[in-house]
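A short write-up of the structure that comes next.
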Amino acid sequence: MENNAVITINNLVKRFPVGGDYFTALKDVDLTLNKGEFTGLVGPSGSGKTTLLNIIGGLDSPTEGQVSVLGQALNDTSHSERARLRRKHMGFIFQSYNLLPVYTVFENVELPLILNKIDPQERDKMVAQAIKWVGLSDKRDSRPAMLSGGECQRTAIARAIVHQPALVLADEPTANLDAENSHHIMKILVRLNQELSTSFIFATHDEKIMAYLRHIIHLDDGEIIEDEKIENPKASA
Ligand SMILES: Nc1ncnc2c1ncn2[C@@H]1O[C@H](COP(=O)(O)OP(=O)(O)OP(=O)(O)O)[C@@H](O)[C@H]1O
Ligand SMILES: [Mg+2]
């Protein structure tokens, strides 16, 4: 692996069993992403974006090929090693927020730190910092039902970055938000990317997200049809 590479993928194929047959969702995908990149997997519905993101996140496994994430070859790691890699070094943002309804903003954001066995004093500081990053300090004791969609997604972002992961994976993070909230969220993520050198990968077909990306991987029908670097994104923080 190159020193700078956060993800290297070679000859990745993903087939899903369907009935007695199988469906090929990813066909011979090769990809390198370096530290600090702000990347999008872009393409029509069904092109394989979520499948690729799930494999990078160790949530699903390749049928063929090699996938290395943060210096670990996923093929050679056990289930618990992959879980540890996710817990310590990765953050996940989903379209549907996935917040726990009985917990407050603070408690939702604290969860990854409890799983990582960070002690309570340190936890308090880290949670306060993450909540401040996303501009929700005044909502720290609210439960998700009392928040707007944008506030829920900002809570989910705080939870994804509270342990300062090296890599954040986001699947359609703005799909349920209006334009203003989408831009707000993207600007927060660009700042995190620039100030903490966190690497980001988005799966998206949202033009608003694309305007911020500096690396766009175009997928169609399970294949990479273009790998595009953008010097000057249309939008910035
Ligand atoms: N578990 C599964 N079993 C069978 N087929 C699957 C499975 N998961 C995904 N697929 C198929 O693989 C293809 C790629 O799906 P994927 O979810 O990666 O698309 P996507 O690019 O994320 O689309 P969208 O923009 O709609 O989210 C689709 O045709 C889908 O039906
Ligand atoms: Mg998808």
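Structure data summary
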| read-out | value |
| --- | --- |
| Whether segment 95-152 is rounded, prolate or oblate, judged on the alpha carbon gyration tensor where a/c under 1.5 counts as rounded | prolate |
| When each of Lys132/Lys208; Lys139/Lys208; Lys132/Lys187 is checked by Cα-Cα distance, pairs over 18 Å | Lys132/Lys208; Lys139/Lys208 |
| Amide N proximity, segment 89-113 versus Lys35 label position 7 Å along Cα-to-Cβ, cut-off under 16 Å | 89-90 |
| Amide H partners (placed H, <5 Å) of Gly36, local residues excluded | Ser199 |
| Computed lengthening from Ser197 to Ala211, 0.36 nm per intervening residue step minus Cα-Cα distance | 3.1 nm |
| Using θ = phi - 60° and Karplus 6.51 cos²θ - 1.76 cosθ + 1.60, couplings along segment 22-34 (whole Hz; Gly, Pro as x) | 9, 10, 8, 8, 9, 10, 6, 8, 10, 6, 10, 10, 9 |
| Nearest-0.05 FRET efficiency for Lys27 and Asp76, computed from C-beta distance (R0 22 Å) | 0.40 |
| Counting DSSP beta bridges with both ends in the chain, the antiparallel % (nearest 5) | 55 percent |
| Segment 148-237: trypsin sites (Lys or Arg not before Pro) in DSSP loop, at most 14 other beta carbons within 10 Å | Lys234 |
| Charge context of Met90, other residues only, Cβ under 15 angstrom, K/R +1, D/E -1 | +3 |
| Approximate shape of the chain as ellipsoid semi-axes (Cα gyration tensor, √5λ), whole Å, largest first | 29, 20, 17 |
| Max mean-square fluctuation residue, GNM over the chain, Cα-Cα springs under 10 Å, options Ser61, Ser197, Ser80 | Ser80 |
| Residue-count net charge about Ala166 - beta-carbon cut-off 12 Å; Lys, Arg +1, Asp, Glu -1 | +2 |
| Estimated vicinal HN-Hα couplings, Hz - segment 123-132 in sequence order (Karplus 6.51, -1.76, 1.60; Gly, Pro = x) | 4, 4, 5, 5, 5, 4, 4, 5, 5, 5 |
| Violating pairs (Cα-Cα greater than 30 angstrom) within the set Lys14/Lys117; Lys14/Lys234; Lys14/Lys229; Lys49/Lys125; Lys35/Lys234 | Lys14/Lys117; Lys14/Lys234; Lys49/Lys125 |
| Cα gyration tensor shape for segment 97-210, rounded if a/c is under 1.5, else prolate or oblate | oblate |
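Just so you know, all these numbers are worked out from the coordinates, no wet-lab data involved. Remember, it's a predicted structure, so these values are computed and weren't measured experimentally. So basically every Cβ, Gly included, is an ideal-geometry build from the backbone, and we count neighbours across all protein chains shown.
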